[in-house]
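To keep things clear, I will list the structure first and then write my remarks on it.
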Amino acid sequence: MDLFIGLATGVLFGAALYLADAASPVKMRQMLRLEDLTVFKIILFAIGLSNVLLFAFNMLGILNLSHLSVKTMHLGVIIGGLIFGVGFGMVGSCPGTSFAAIGTNVYKQALMIAIGGIIGALIFSLMYGNFEAMGIFKSFNFGKMTLFRISDKYPSVTEIGYVGLLVMGVVFMAIAWFMPDKRRA
């Protein structure tokens, strides 16, 4: 059942990426150059809506936020984020959006990006022990951080708590709603 749920949500996510035009490397590069903010607005609104829904589901007892997995913040995450960001900026796609783009007219590029992402993940998995021995995961280790304290297990940047999820969610959705689609010349 878990595999089916994963497949179904993956298909829905891919369809949403395609419908939002996030599968288009041209559209993504335009977003990164701040020329066309449509995809950025969709992403910002989705993050805001997710925050609001997390708050609501937690308050209704449907979801316990302490069950969410918070990843450790360390030098490896910073280096990986920089590599990912540079690659994303160069090709206008990432392994996630590339799978949605395989069904479009840029399928050759998308297929190469997807394969590159899989190979990169494999190489990282094989080298994980070496990276750990070098101390990359202990360097700049800030532990499992959250923006708001949602559990006693994790430190936070602020002490707003669950209400912070709601406030940030509404703020993000409002910014996305009122942000122009295109940069004014």
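A short reminder: the numbers here are calculations on the coordinates, not readings from a lab. Fair warning: this is a prediction, and the values are worked out from it, not measured in the lab. Here the Cβ positions follow ideal geometry from the backbone for every residue, glycine too, while neighbour counts run over all protein chains shown.
Checking [x] 70; [y] 58; [z] 61 against percent of Cα pairs over 19 Å apart calculated from these atoms, the matching label is [x]. Counting beta carbons within 10 Å around each of 55, 88 and listing the fewest first gives the order 88, 55.
When 67, 74 are arranged by Cβ crowding within 10 Å, least crowded first, meaning fewest neighbours, the order is 67, 74.
Looking at 28, 6, 62, which one has the Cα that reaches farthest to the positive end of the dipole of the chain (charges on Cβ: Lys, Arg +1; Asp, Glu -1)? After comparing all options, I get 28.
Backbone geometry of region 135-141 corresponds, through the Karplus equation with coefficients 6.51, -1.76 and 1.60 at θ = phi - 60°, to 3J(HN,Hα) couplings of x, 4, 7, 9, 6, 6, 7 Hz, x marking Gly and Pro. Helices assigned as whole DSSP H runs in the chain whose Cα atoms extend at least 27 Å along their own long axis and whose mean Kyte-Doolittle hydropathy is -0.5 or higher are found at 38-59, 107-134. Simple spin-label estimate for residue 83 and residue 178 gives 4.1 nm between the two label positions (7 Å along the Cα-to-Cβ direction from each Cα).
Using R0 = 30 Å, the C-beta based FRET efficiency linking residue 104 and residue 163 works out to 0.15. Note on 181, 21, 2: ascending count of other Cβ atoms within 10 Å places them as 2, 181, 21, the fewest first.
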